[in-house]
Structures are given as structure tokens and as C-alpha cells.
Amino acid sequence: MQSPNFYTRKNNIIAAILVGIILSSAVSLAILHSLQSQQYSHLISESRRQLESGLLSKASLISKVAARHIAEVEHATEIVASNAAADPTLTGENLKALLVSSVQLTNTINAMYIFDKDGILVYTTNPSPAVQTRVGESFSDHIAFVGAKNKKASFISPLTEAITADISDRIFISAPIVDPANAEFRGVVMSSMPSANLADSINHDVALEGEYSMALVDIKGDVAASSGPAGSRIGANIFSDEILGQVPESIRVGFANALNDALVGRTGVYTINVNDQGQVTTESISDVVMIGYTPVIVNDETVMVSFIVESANIQSLLRESENPAFAPTFVVSYIILIIMAIFAAVIIVINRKLSGKVTKSTLALEKNNLDLLTITAELVNKSSELEKANRARDEFSAMITHELKTPLVPIIAYCELLISGAQGKLPPQVTEKLNIIHESAKSLSRLISDLLDVRKLELGQLKLDFDAVPAREIVTKAVESAKPLADSKNVLLISYPEKTENGDGPLVIKGDQKRIEQVLNNLLSNAIKFAPEQNGVVQISLKRDNAYVAFTVEDNGIGIPADKVQNIFQKFYQVNTSSKRSAGSGLGLAICKGIVEGHGGKIWFESKINKGSTFYFSIPLFASETQAVEREKAPGANKE
Ligand code: ADP
């Protein structure tokens, strides 16, 4: 049986493997998760980068378009100014015609104005009566007049009020009229560009999708053109509450920074991360507000800023690039790893329960085993005690049996003395009674002797005095002592001469003469006992059988039934206890067997029911049989 430690060790190994599976599942999950989130954030930042560059290119496109339109107007204004220089009145018909055609040629300006050197409006293409009434008035402090006069070059104004209305929605582009002969300042040509015209042209040239909102801001920060939320706020300052106040507070600072940055001529994208409540956050995987900005540069001068705002949420980014976290391979891997971990955990639990049961049963078995060992030890003890007691009992009964026999000796001797008449002739009735006593005492003595022999055989105490004994002598003596019984039963006793092989002398055995005689006597008395009442014959023969001498006692009696054959040599066994013939102790054959085997020989028999039985026994030949025989043959040698 394996010890509980063995199972515990095995269980610990299994548990360790399972924990290993769980841990490796967890590690794999963590690695998978970090891989997918790395990939995810990589995709997000890639998308944001693409957004940024898209935004930037849109902003610069707007700036370029705006710059192109402004430069076009500036160019047209300069041409008019150079033509005006050749007109001393500044109001010649040719000059007026040039002004009209210039206005028509450019899409973005609505009128042109000519001021003389003192700022007096001398001519305008603007047919509006309100404007026309102002011809002759001085505009010497008008920004466009002052700008061109002082700069001595073309000038682009920030958003400025219209001539007759108090709406700041005009960008004035002016150019000085300079006498080519003496470089004398003679006045200013001014083009008026409503910001709406500029916005229209930009919208026409640049297609802006819904999510963008665009604005053009002049260098003071006033909105010159816009789409989206600032669209209706032309002229309003971008830093005013009216505009910046509309922007969610959380991103206002970023918005202002972007504008300031752009106004100093820089190009860039300002990105603000916001969560889904619109609050600024540091999370990189969150919604974004991006502000792209580019200066509008005309003749190396920043005249405006274009900027473009885009709000993008993660969902829209993810739609463009599938979230790998939910890609089928990732999902399948997650499920497999989670199932593995659950499976391992379940096995650990089951294993713990089972191992608990196994340990319990093993302990119970061990206890039983221990109990069994204790019982076995007790049994061994008891059995050796029993053996001792048995031996003591056997010795005691052997001793008792011997003691029983002792008083019989004088009884038998005195019976014989009295029967012999040596003490005086006895009446026949007394002699008859004495004979009965004598026979009974002898048969009791025989029984006691038999019991004694059986005990001795059992205790291994039957002593045999080995000697070289002529087999014939044993037969002769046995026949002699059986004769009276045979005669009384009318049984014919035939003793055959011994059968020897060529060259053999008389057969000599190595044995205890008295004991071999006892065997032969027993077989003879059985044979006579079981011989038929009429014509009973018992035959005794001797022959050499290799290294043995085989004795044979054959009768023509009742035989032994086949089913009893195997018990015949057991002590106290009798085939038919009711039969008178079989009166006896059932010890004879058991003693015979013990004696023969004690000599190293064998005893056996053949029998046929109602035909007779033949008993055989073999005794080893005396080793120096030849010398013994020689001794017998020698002259004067005594026969034993
Ligand atoms: P017992 O004192 O009864 O003769 P034995 O041991 O000598 O005891 O014989 C055992 C039994 O074997 C006998 O009781 C008898 O039934 C049977 N037996 C022995 N010899 C013969 C025989 N020659 N013929 C028939 N039965 C025999």
C-alpha cells in the first residue's frame, strides 16, 4: 500500500502543475492584453497623427487660397495706383474706366476708391448714394490711407468699418500713388473687400466637410471669415467672450494658445484630449479637439491667420481602424485562456477533495492493517502457547498411558501362572474365567501399547534400534505368533520362501527387528481377522525389490471399498465399525506406516471388494548385506 505521503506528494505535483497552468494563463492574458492595448494605442495615435496632418494641410490650403485672393486684389490695386500716377487730376476718364474694370475682374472686391494726397475722396466706383455723397470729404485718418501713405507701399488693413456703415467687415487693400518723376506722394488707391466675399471664395475653392469649422482672423484677432459656430460673428474679436466664451471652458486655454501661436506666424496643431463629458483629460485614448493654424502670408507679411477646428471622438477613430481588442483571434485566445484557468481551478478543487478522501481511506486501511498485524501476533502467541500446551498434554498422556500399562504386567503374569496349574489344579470354571481375564488384560495391554506407540510417533519419540536382521527370521516369528489366531479362525497360513535374485544370499534388512515384527504381526492379524470364515487363506511372501526387501501379506477376505482406501492409514480409522470382525482400535495401520517410514521404507496395499487385500511394505536392505550373508554362511556362525 502506498503511504499517504506518496499521495500528498503526487497531489502537490498535480496542484503545482495546475497552479502553473493558471499562472501561465494569467501571464498570457496579461501579455495578450498589453499587446492588444499597445497595438490599440498605436492605432489610435496613428489615427490622431493622420487627423493632425489632414487638419494641417486643410489649414494651409485655406491660408494659401486666402493669400492668393488678397494678393490678387493687392496686385490690381497697385496697377491702378501706377496708372493714377500718370493722371495729374486723379479723375481722368481712363483712370475711372480702369477702376471699374479692375473691380469687375476681381471677385472679391466690391469697390475702389481714390484719395488725393490730403486724403480727400476724389473718386469711387461705389454707386451707392450714401457713398457718393461723401466724395469730397477727407479720409486723411482712414487706416488704409494712412497705411499706404506711411508705408509707401501697398497696405492690407485688418478688418475695418465700411465707408458708410458701422460694420467692421471690410479688408481694405491700398496702394500709394507716387509721382514717378520725383517720387512725390500724390494720393492713395484703395480696394474694399467685404470679408463675406473672401469667405465665399475660400468656400468655393476649398471643400470643407461638416466636422470642420474654419475661421480667418485678422492680425488683431477679429474674425474676418468663418464657417461653423463663428460664422455669424464677423468682426467680433476672437478673444472676446462672444467667441471664446462659446468654446467649452475646458479647452478655452488651448484654443487661445493656438491662436496666439498662429498670430506670431507659426503653423501647427494644438490637440486637447477630452473625455466624453468634454472635460480635459490626460488619457491618450480619449476624444480630441484639434486646432490647426496657419498664417496667411502675402508678400512675406502675415496678414491673417487661418485656423480650423476638428472634434473627433474615439468611436469614429475606431471605426476607421478596428479595435484589435475585439478581433476574433484575441477573443478566442481570451476564452481559451479563461476556460483553461477555470478548468485548472476546478481540477484543483476536485483533486483536493479526492486526495482528502484517499488520505482518510489510506489512514483507515493502515489502521486496519495495524489491527490485523496485532491480531496475527496474538494468534502466533496463542498458537505457540497451544503448541506448548499440546506437547505438555502429549507428554502427560504418554506418561499416563505408560503408567496404565504397568499394573497389567503382574495381572497377565499371575493369570498365566494360575492357568498353567503351577499353583495347583483349578476347577475348569475358574480356569475359563481366568482365561477371559487373561485375554482382556492382554488386549488392554495391546491397546495401551498401540496408544503409546501412536503418541511416540506423533512426538517423534519412537526410537528404532537399527541392526542387520535376516528378513526370513522376522517372517518366521510373525507367522509363529499368528498361528494360534489363524487356527482359531480356521485360516490357512502359507509362508513362501523368500525370492532372491541370482547370486543373492538370504535377504537382510537394516531395521529394528521388534518393530518390523510388530508391523508384520499387525498385517497378519488384520488379514486373518478379515479372511472369510470358510476357506480363509493368508499368504506371506518376501522378495528383493532393488535396494529394498518387500514383505507381502495377502488375504482372500472382504477387501476394502475404493472410497475408503485413502483413509486406511489414518489413526482411529475403521472401514466398518459395526462389523464384529473389525473390532479393534483403528491404530494398527497408522503405527505400521509410522514404523515403516521411520525405516525409510514405504507401505501400500491393493484390494478388491470380497476378493481380498494385499498389503506391502518395503524396508531397505542392510548396506553390508553381503558381509552379513558371508557371516551366516561361515562355518560355526550363529544364526540371530
Ligand atoms: P484395527 O485395529 O481396526 O484392525 P487397523 O489400523 O489395523 O485397525 O485397520 C484399520 C481398518 O482397516 C480396519 O478396521 C479394517 O476396516 C481395515 N482393514 C485392515 N486390514 C484389512 C484387511 N486385510 N482386509 C480388510 N480390511 C482391512
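The values are calculated or read from the model by the stated rules, or taken from the named source; none is laboratory data. Just so you know, these numbers come straight off a predicted model, no measurement behind them. Note: ideal-geometry Cβ built from the backbone for every residue, glycine included; neighbour counts use all protein chains shown.
Please go through region 123-142 and pick out each residue that is farther than 12 Å from S192 by Cβ and not in a loop (DSSP other than H, G, I, E, B).
Result: Y123, P129, A130, Q132, S138.
When you look at L523, is it touching a residue at least 60 places away in the same chain (Cβ under 8 Å), assigned to a helix (DSSP H, G or I) and either within 60 Å of the chain's Cα centre (by Cα) or within 6 Å of the ligand (Cβ to nearest atom) (or both), yes or no?
no
So is S53 of a type in the set (S, T, Y), in a helix (DSSP H, G or I) and modelled with pLDDT under 85 or not?
No; evaluated as a whole, the condition is false for this residue.
So, E458, is that one among the acidic types (D, E), within 16 Å of the ligand (Cβ to nearest atom) and either under 60 Å from the mean Cα position of the chain (by Cα) or surrounded by fewer than 21 Cβ atoms within 10 Å (Cβ to Cβ) (or both) or not?
Numbers: among the acidic types (D, E): yes; within 16 Å of the ligand (Cβ to nearest atom): yes; either under 60 Å from the mean Cα position of the chain (by Cα) or surrounded by fewer than 21 Cβ atoms within 10 Å (Cβ to Cβ) (or both): yes.
It is true that E458 is among the acidic types (D, E), within 16 Å of the ligand (Cβ to nearest atom) and either under 60 Å from the mean Cα position of the chain (by Cα) or surrounded by fewer than 21 Cβ atoms within 10 Å (Cβ to Cβ) (or both).
Go through (1) more than 8 Å from the ligand (Cβ to nearest atom); (2) farther than 19 Å from D512 by Cβ; (3) modelled with pLDDT of 90 or more; (4) in contact with a helix residue (DSSP H, G or I) (Cβ under 9 Å, 6 or more places away or on another chain) one by one and return the number of the condition N535 breaks.
(4)
Residues being within 8 Å of the ligand (Cβ to nearest atom) and either modelled with pLDDT of 90 or more or assigned to a helix (DSSP H, G or I) (or both): count how many of those fall in region 561-586.
Residues flagged as within 8 Å of the ligand (Cβ to nearest atom) and either modelled with pLDDT of 90 or more or assigned to a helix (DSSP H, G or I) (or both) within region 561-586 amount to 3.
Condition check: surrounded by fewer than 18 Cβ atoms within 10 Å (Cβ to Cβ), part of a helix (DSSP H, G or I), of a type outside the set (A, V, I, L, M) and at negative phi. Does N182 satisfy that?
Details: surrounded by fewer than 18 Cβ atoms within 10 Å (Cβ to Cβ): yes; part of a helix (DSSP H, G or I): no; of a type outside the set (A, V, I, L, M): yes; at negative phi: yes.
Judged against the criteria, N182 is not a match.
Mind listing just one residue for me: the one in region 250-275 that is under 23 Å from E46 (Cβ atoms) and not aliphatic (A, V, I, L, M) and, of those, surrounded by the fewest Cβ atoms within 10 Å (Cβ to Cβ)?
N275
Among the residues of region 197-227, what is the count of those that are in contact with a strand residue (DSSP E or B) (Cβ under 7 Å, 6 or more places away or on another chain) and either closer than 20 Å to S168 by Cβ or in a loop (DSSP other than H, G, I, E, B) (or both)?
Qualifying residue count for the region: 19.
Given the conditions (1) modelled with pLDDT under 75; (2) closer than 16 Å to D222 by Cβ, which single one is not true for E242?
For E242, the failing item is (1).
Out of all the residues in region 422-439, is one or more within 16 Å of the ligand (Cβ to nearest atom) and either assigned to a helix (DSSP H, G or I) or in contact with a Pro (Cβ under 6 Å, 6 or more places away or on another chain) (or both)?
Yes; the residues of region 422-439 include at least one that is within 16 Å of the ligand (Cβ to nearest atom) and either assigned to a helix (DSSP H, G or I) or in contact with a Pro (Cβ under 6 Å, 6 or more places away or on another chain) (or both).
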